[in-house]
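Data block below; observations after.
What follows draws every value from the coordinates through simple rules; no lab data is involved. No experiment lies behind these values; they were computed from the predicted model shown. Here Cβ is always computed from backbone atoms with ideal geometry, including for glycine, and neighbour counts include all displayed protein chains.
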Amino acid sequence: MADGFEVGAVHFNSEGWGPPDATVTPTTTSTLPLNVPYAPFSRSEKLGRIADFNRILNPGSGQGGGGGRKSAASDSVFDFTADDSFPSGADNDSTFRLVDGKPPPRPKFGPKWRFNQHHRPQLPQRRDEEVEANKREAEKERARRDRLYYLKRSNQNQQRREAAVFKSSVEIQTEWNMLDKIPFSIFTKLSFSVSEPEDMILCGGLEFYDKSFDRITPKAERRLERFKNRNFFKVTTTDDPVIRRLANEDKATVFATDNILATLMCATRSVYSWDIVVQRVGNKLFFDKRDGSQLDLLSVHETSQEPLPEAKDDINSAYSLSVEAAYINQNFSQQVLFRDGNKVSFDEPNPFANEGEEVASVAYRYRRWKLDDDMYLVARCEVQSVVEVNKQRSFLTLNALNEFDPKYSGVDWRQKLETQRGAVLATELKNNANKLAKWTAQALLANADMMKLGYVSRVHPRDHFNHVILAVVGYKPRDFASQINLNTSNMWGIVKSIVDLCMKLNEGKYVLVKDPSKPQVRIYEVPADAFENDYVDEPLPEEEQAQPPEDNAENTEANGVTSDVEDKEIGAQA
């Protein structure tokens, strides 16, 4: 059995800490190494390393080395580099060889290289945190580039838009007197609730809707037909014999058409200039449109930011597209019907058609709304078709959106209508917000049960005569109004405020003009023979036209109309 481990003698110090001053010299049989130092310490000091066997002395750090740092007393105690008690250390040092421990170079195109291109000094962090931080930086950079891109585009489009719509829809004559101007910011704050209207008279006849058009797809498109033999009537308010009869019977105080009311209701979404003639006759108010007014046309890309050609004779100019859209809507509203002679007739025939004349399928509903205790409004509303479901008849309005060139909208209907119909509709809502809002308002005024929207496209982008029907989609007017954020209370608030404003004016003729370059409506007092057949309305040069006053100019002839509109809070709630 091996000998046991011999422990050296440990002396007890009865006077304090550490070994006694006089220690016994180890015997030759002691296993303790020679020259083992002891460093005195106090409780306030922090203990560090016990011994440093890897310490390298700097040159000149010894005695007489003026350039080197002198070793501290505490460090010299633990210096075993020159101790002969460890002969094995010298042998190890003589045979030691340094091995290259540098890490291998990283590939320049690895995942880390993409996120650390600038080699910024960073605090150590987890890998997922580093990735998230770099993602945020990339998002900020991309957002900055997008802002610069859209800012550049908006500046270009702003110049184009101002040049395109700077011309007013009607030439402002020098003898016209501007009474007031109403900014759209006031219109957006108005609200008024009306009770359910009543039907006064129903005229015309309707053909039934062909449900097979609901199954049309871009792969099974149908050619748009032309209906040259059918007559379409766009009669203004005062030329309507039914409205004249109702006015003579004192059935209402205010008279208008659904197209004129929809223009007023959706005024805040309009960009192009428009005008409406207002006639105050006794205690009655008539809203009319001029002969040849652009209210009969349909705007295209009115609220879009993509520039359209400015040349009027270009097939993609704003005017050419408006004429094309009106032509498409008339033909579309007749093609989707059963033309077998089966019609739904109403109390009176079409008031504008002559006997034996072939007219388009349309029904006129003269409806009356109560605006005040002693004020009623009568409007002529239109529906284009009827459908029978479960032995119940439902009225339909028929309208068509038209695609002229996919590069302007950025969405190709032939590719997206089947798979991404929502994206197509969202693009149209962005580019034609005013037109879609007016169609929805007209459907609500006529109390239509369904509004059908057709998607009609050119056969070729450069052919504006031939078109195809790609799809037909139906919507309920109230649901669609909420989808496009069309508030019916705000719509009636705008109408009520304009009616109240015009009822305070003297008898005569006035015109509401949407400012071509600012979101506001101006009211002019015009001569009684203005816009009549015997009234020669020679357009003046643009520099000679009467310019409206500046925004900061005070108009003393406004009779306080603006302040009345601003201060008036239409608080009637349902």
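General observations
- Relative packing of 345-357, 407-419, which averages over residues the other C-beta atoms within 10 Å, highest first: 407-419, 345-357
- In terms of overall dimensions, segment 396-454 has a Cα radius of gyration and Dmax of 12.5, 37 angstrom.
- Rg over Rh, two decimals, segment 265-335 (C-alpha only, Kirkwood Rh): 1.06
- In angstrom, the C-alpha Rg and Dmax of segment 370-506 are 18.2, 57.
- Alpha-carbon Debye profile of segment 168-224, log10 I(q)/I(0) at 0.16, 0.29 Å⁻¹: -0.87, -1.28
- Per-pair calculated FRET efficiency, R0 = 30 Å: LYS284 and VAL344 via Cβ, rounded to 0.05: 0.40
- Extension gain, GLN420 back to LYS234 (0.36 nm per residue minus Cα-Cα distance, nm): 63.4 nm
- Measuring how big segment 182-305 is from its alpha-carbon positions, Rg and Dmax come out at 18.9, 59 Å.
- Segments 379-387, 494-502 sorted - mean Cβ within 10 Å per residue, highest first: 379-387, 494-502
- For the pair ASP214 and THR188, a Förster radius of 35 Å applied to the C-beta separation gives a FRET efficiency near 0.45, rounded to the nearest 0.05.
- At q = 0.09 Å⁻¹, base-10 log of I(q)/I(0) for segment 285-413 (Debye sum, equal scatterers on each alpha carbon): -0.42
- Long pairs among LYS219/LYS476; LYS370/LYS514; LYS438/LYS476; LYS284/LYS370; LYS211/LYS391, criterion Cα-Cα beyond 20 Å: LYS219/LYS476; LYS370/LYS514
- For the pair GLU130 and GLU15, the difference between a 0.36 nm per residue extended length and the Cα-Cα distance amounts to 35.3 nm.
- Computed lengthening from VAL359 to THR174, 0.36 nm per intervening residue step minus Cα-Cα distance: 62.4 nm
- Across every direction, the projection of the convex hull enclosing the Cα atoms of segment 222-373 has a mean area of 12.4 nm².
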